[in-house]
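These notes are about the structure you will find just below.
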């Protein structure tokens, strides 16, 4: 039987839609000769590039996102490497988001290829959320030629886990009465907000599964993990009250990468940061945001970490505009002949470019009125 809290949350109908191997799928769609072959989208394996994503055919060889391209080639010598075409991916993303917004205004994009939808209002007439999800997947396939997977549940935590359950082109539902049981055997690292460092710390405490985590008291978790401990306590019990926020106020957008071996080649460092800039710029565009401050982070082999930043007078959001500041920031952050084990790149001081353009338009109109007057 569901708990009273599960009943209170069950009124929500949340869908998480996630495109399948998105970048690689676009390449296979646009280049039929690549279909059925192991395709890797990312950097050149000859110059220590990195895998952005890969097709399911490549994943069967153990290739994963953020893996070095050289390692990917060693796992699958016959793989076909393709450079990213961000404009093509953004165009397909716009198509997908338009489809999603035809069902509800409550669409929260997480990246170019995934989003949450709250379809609670759309189900008041008896329509089932699973029917909406199935129709969305059918439309995406029909209108873009690509496949997506979807998860349906009563909160964001479970909906996102569900969308990954039957990939590719799958649909999975976790009803309120199944939330606790579904989570129980999962590794704690599957929970939103539980990263590798936390997994390691929990493992040292004998906590491997969500059920193990559920057996810890709130007091214990808060003592050992601070504010995050309260979140861990809730999500272990399938509690997630985060709303779907179409225009949520973000403080920053960024990404980082830990290298399997310490990296000393500065040209590869810069290339890696430039690839990150492209990823961050793509996400900013989807969210209609620009940032004022470019940050880079470097972690050294002794685990010390430094950050350096540049603040622009106007918001910037394009990959080229962000990348223009990376050489200087890299020089300031990482001394010559120094290795790094992690690099990160973040944009902060975010502004909504749609709102900013509306304000500028209004100011131009006001200027015209004043001049005419």
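Of the candidates 122, 277, 148, which one comes out as most mobile in a Gaussian network treatment of the chain with C-alpha springs shorter than 10 Å?
122
Report the far tail of the P(r) of the range 87-171, meaning the percent of Cα-Cα pairs longer than 14 Å.
For the range 87-171, the share of Cα pairs beyond 14 Å comes to 63 percent.
Hey, what number do you get for the chain at 222 nm if only DSSP H runs of n ≥ 4 count, each worth -39500 (n - 2.57), divided across all residues, to the nearest 500?
Calculated at 222 nm, the ellipticity per residue is -12000 deg cm²/dmol.
Run the numbers on the chain and let me know its relative contact order in percent, using alpha-carbon pairs under 8 Å that are six or more apart.
15 percent
What distance in nm separates the simple spin-label points at residue 314 and residue 267, each placed 7 Å from Cα in the Cβ direction?
3.4 nm
Run the Debye formula on the Cα coordinates of the chain, all scatterers equal and no solvent, and tell me log10 I(q)/I(0) at q = 0.11 1/Å.
Treating every Cα as an identical point scatterer, log10 I(q)/I(0) equals -0.91.
Using 5 Å bins from zero, what percent of all Cα-Cα pairs in the range 184-235 falls into each bin?
5, 23, 37, 31, 4
Using only the alpha carbons of the range 257-298, what is the convex hull's orientation-averaged projected area in square nanometres?
In nm², the orientation-averaged hull projection of the range 257-298 is 3.5.
Could you calculate the contour length gain from residue 91 to residue 292, that is, 0.36 nm times the residue separation minus the distance between their Cα atoms, to one decimal place in nm?
Result: 69.8 nm gained on full extension.
For the residue pair residue 56 and residue 328, what label-to-label distance in nm results when each label sits 7 Å from Cα along the Cα-to-beta-carbon direction?
Going by the 7 Å Cα→Cβ label model, 4.7 nm.
Can you figure out the FRET efficiency of residue 31 with residue 64, using R₀ = 25 Å and their beta-carbon distance, to the nearest 0.05?
0.65
How large is the translational diffusion coefficient of the range 107-154 in µm² per second when you combine the Kirkwood radius over alpha carbon pairs with Stokes-Einstein at 10 °C and 1.306 mPa s?
Estimated via Stokes-Einstein, D reaches 136 µm²/s.
Mind checking the full-extension length gain between residue 220 and residue 306? Use 0.36 nm per residue of separation minus the Cα-Cα distance, one decimal, nm.
Length difference between fully extended and current span is 27.8 nm.
Please give the peptides 327-333, 295-301 ranked by average Cβ packing (other Cβ atoms within 10 Å per residue), highest first, as a rough proxy for protection.
Going by the mean number of other Cβ atoms within 10 Å, highest first, we get 295-301, 327-333.
Between the range 222-283 and the range 123-180, what is the separation of their alpha carbon centroids in Å?
Cα centroid of the range 222-283 versus Cα centroid of the range 123-180: 24 Å apart.
How many Å³ per residue does the convex hull of the Cα positions in the range 252-356 occupy?
83 Å³
Which three lengths, in whole Å and largest first, does the range 53-127 cover when its Cα atoms are put on their principal axes?
54, 26, 16
Kindly rank 309-320, 16-27, 71-82 from highest to lowest mean number of other beta carbons found within 10 Å of each residue.
16-27, 71-82, 309-320
Viscosity 1.567 mPa s, temperature 4 °C: give me the Stokes-Einstein translational D for the range 165-310 in µm²/s, with Rh taken as the Kirkwood radius over C-alpha pairs.
Approximately 70 µm²/s, per Stokes-Einstein.
Test of understanding: in a Gaussian network model of the chain with alpha carbons linked when under 10 Å, which of 156, 227, 251 would top the mean-square fluctuation ranking?
227
Give me the extension gain from residue 192 to residue 177: residue separation times 0.36 nm, minus the current Cα-Cα distance, reported in nm with one decimal.
Residue separation times 0.36 nm, minus the Cα-Cα distance, leaves 3.4 nm.
On alpha-carbon atoms, Rg over Rh for the range 157-214 using Kirkwood Rh?
1.02
Every read-out reported here was derived from the displayed coordinates using simple, explicitly stated rules and does not represent laboratory data. Note that this is a predicted model, so its numbers are computed, not measured. Heads up, the Cβs are rebuilt from the backbone with ideal geometry, glycines too, and the neighbour counts pull from every protein chain shown.
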